[in-house]
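Each remark here refers to the structure printed beneath this line.
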Amino acid sequence: MNRIFSLLVLLFFSTISMAQTNKTNIWSLEKCISFAQENNIQIVRSGLNIEQSEQDKLNSFASMFPSVNANLNQGFNFGTNAFTGATTNSTQQFGNYSANLSLDIFKGLSKISELKRNKVDILVNQLTTEKMKNDISLNISLAYLQILF
């Protein structure tokens, strides 16, 4: 009984190992490079830096527009006098309303300069990402050639 079980286990594991050797997973150079570029943490982080720079550019553009704020506060009191605490048959109504508008007329062209700087930051981050991708491609190519030789 023990021998039959051993034979079955041996036969089972040999078929699994043969099935795995028959399914060869060959990685081409292009597949290695694309996998490394898609899964590299530094490239993903650099992509997030590009998105942050684009958001900064949008924020600096939006800061050139006026800012408008409004506040409304309305209240009612029924039946009790708020000052004396005595019950009366009166209704009190109160309200506060406000609106604010702010606009920078001239700030020494700092907002325009900030917008230009944010555009340049986007370009710098894009070029940094491309450099990282090229460096990874070069390193993967060198390692791939070393394995081939």
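The values are calculated or read from the model by the stated rules, or taken from the named source; none is laboratory data. The structure displayed is predicted, hence computed values, not measured ones. Backbone-built Cβ (ideal geometry, glycine too); neighbour counts: all protein chains shown. To get the accessible areas, we keep the full protein, side chains included, count just its heavy atoms, and leave off ligands, DNA and RNA. Shrake-Rupley method; radii C 1.70, N 1.55, O 1.52, S 1.80 Å.
Number of residues in segment 115-142 that are under 22 Å from residue 50 (Cβ atoms) and open to solvent by less than 70 Å² (accessible area, probe 1.4 Å) equals 12. Within segment 39-66, being free of Cβ contacts under 8 Å to residues at least 24 places away in the same chain and of a type in the set (Asp, Glu) holds for one residue alone: 51. Listed by position, the helices (runs of 4 or more DSSP H) inside segment 1-78 whose residues that are of a type in the set (S, T, N, Q) and modelled with pLDDT of 85 or more number at least 3 are 29-39, 41-62.
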